[in-house]
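Notes follow once the structure below has been shown.
The values are calculated or read from the model by the stated rules, or taken from the named source; none is laboratory data. Because the structure is predicted, anything quoted here is derived from the model rather than measured. Please note: Cβ atoms are built from the backbone with ideal geometry, for glycine as well, and neighbour counts cover all protein chains shown.
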Amino acid sequence: MAIIIVDDTETSRNYLEILLRNDGLSDLVTCESYDQTRAVLDACPQSNTTVALIIMDINMPGTDGIEATRRIKVDPAYSDVPIIMVSAMTDETILEQAFEVGATDYISKPVNRVELRARVRAALRLFSETEKRKKRERELERLTAELQELSHHDGLTGVPNRRWLDATLEKEWKRALREEKPLSIMITDIDFFKNYNDSLGHLQGDSCLKGVAECIRRSIRRPADFMARYGGEEFMVVLPDTTSKGAQSVAVLIQYNLERSDIAHPASTISDRITVSTGIATATPSADSNPQDLVALADKMLYQAKNKGRNRIEM
Ligand code: GH3
Ligand code: MG
Ligand code: MG
Ligand code: MG
């Protein structure tokens, strides 16, 4: 945590430096102008240096301390760094200007060592409080984002959950209605999954679910396509602007990818791999229809696929 001393007069810089060093503050950088200060600030991120305080002379040729403070205070990277202004002038307008541009405190020259120590300590305390608050805020933001993420995703497979699915389906239905485009959905259900659990155990069943979810995820390629865990071993895919033929091709790709997966199903009577059955429903929404009917239809088609022997697609 560095303190920057800015003063165009070498004697003043040295004096302040010695006083602060005597007070146990050793991370000091001295600058003789705003430009030099700017260069030091710009190099801080690279050297991972945190500036905790700037002590700024007001009277300097070129960019004076007031202007320098104004510029530093509008830089978001350093706007929280306290700045103590130092000047021989105790003119009220100067004081007013100093506080207007964002100075934290003010010391008049010649600098009194007791006053300097007290004001520096107060400013450092202020800075560390601000840093702590910012850290807490960042942590809170991170946690909020994490909770948000969790509330939309299925804990086991990591894909969107039922809640997100319901909202997406509603949204896509309305969009399809507006744009007069077809909307397809599919429900994909793992075949003989109860047998799978019974023969290999529930933990293996969980990792199978993850594998199937990943397989489905890899099989959908359009950015607007949306998959979710619909229920226990059922997944739904929402396919905007997609005809039943287009939906069928996605379902076929899922079957194809599963056939080539390494998920064996020793208790299946129809294959040595895990298989799924898929029901597809397609509609071009109208004002008197609703997405629940589409889901009911896809469900009916799934039931048909199961009845006809499983590992198949019905639409
Ligand atoms: P079908 O081919 O007709 O779909 O038969 P099935 O055995 O797959 O269907 P059924 O509905 O009888 O069984 C579904 C099974 O899925 C029962 C349930 O214990 C299991 N299941 C649901 N959710 C999970 C889960 O999160 N983990 C595991 N391991 N199993 C689950
Ligand atoms: Mg000066
Ligand atoms: Mg099943
Ligand atoms: Mg099921």
### Query
So how many residues does region 181-209 have that are of a type in the set (S, T, Y), in a helix (DSSP H, G or I) and touching a Gly at 6+ places or on another chain (Cβ under 7 Å)?
1
### Failed item in (1) within 23 Å of N195 (Cα to Cα); (2) within 15 Å of ligand 1 (Cβ to nearest atom); (3) not in a loop (DSSP other than H, G, I, E, B), with A228 passing the rest
(1)
### Query
From T93, T69, which residue is crowded, with 21+ Cβ neighbours inside 10 Å and among the hydroxyl-bearing types (S, T, Y)?
T69
### Query
Of all residues in region 2-22, which are in contact (Cβ under 8 Å) with a residue 24 or more places away in the chain and either touching a Leu at 6+ places or on another chain (Cβ under 8 Å) or among the small types (G, A, S) (or both)?
A2, I3, I4, I5, D7, S12, L16, L19, L20
### Residues within region 64-113 that are of a type in the set (V, I, T) and part of a helix (DSSP H, G or I), tallied
5
### Message
The conditions are (1) at pLDDT 95 or above; (2) hydrophobic (A, V, I, L, M, F, W, C); (3) within 16 Å of ligand 1 (Cβ to nearest atom); (4) not in a strand (DSSP E or B), and A267 fails exactly one of them. Which is it?
### Response
(1)
#### Entry: Pick from region 65-88, criterion within 16 Å of ligand 2 (Cβ to nearest atom) and of a type in the set (A, V, I, L, M), ranking: nearest to P110 (Cα to Cα)
A88
### Task
Give R175, R218, R222 a once-over and let me know the one that is surrounded by fewer than 20 Cβ atoms within 10 Å (Cβ to Cβ), more than 16 Å from ligand 2 (Cβ to nearest atom) and part of a loop (DSSP other than H, G, I, E, B).
R222
### Message
Given the criteria hydroxyl-bearing (S, T, Y) and within 15 Å of ligand 3 (Cβ to nearest atom), does T242 qualify?
### Response
no
## Note on the structure
Exception for S79 within (1) under 41 Å from the mean Cα position of the chain (by Cα); (2) at positive phi falls at (2)
### Message
Among (1) surrounded by 13 or more Cβ atoms within 10 Å (Cβ to Cβ); (2) acidic (D, E); (3) under 43 Å from the mean Cα position of the chain (by Cα); (4) within 16 Å of ligand 2 (Cβ to nearest atom), there is one condition D35 misses while meeting the rest; what is its number?
### Response
(1)
### Task
Confirm whether V237 is within 20 Å of R260 (Cβ to Cβ), assigned to a helix (DSSP H, G or I) and touching a helix residue (DSSP H, G or I) at 6+ places or on another chain (Cβ under 9 Å).
no
#### Entry: Set D57, D23, D27: member being charged (D, E, K, R) and either within 16 Å of ligand 3 (Cβ to nearest atom) or modelled with pLDDT under 95 (or both)
D23
### Task
Return yes when W164 is farther than 25 Å from V276 by Cα and touching a helix residue (DSSP H, G or I) at 6+ places or on another chain (Cβ under 6 Å) and no when it is not.
no
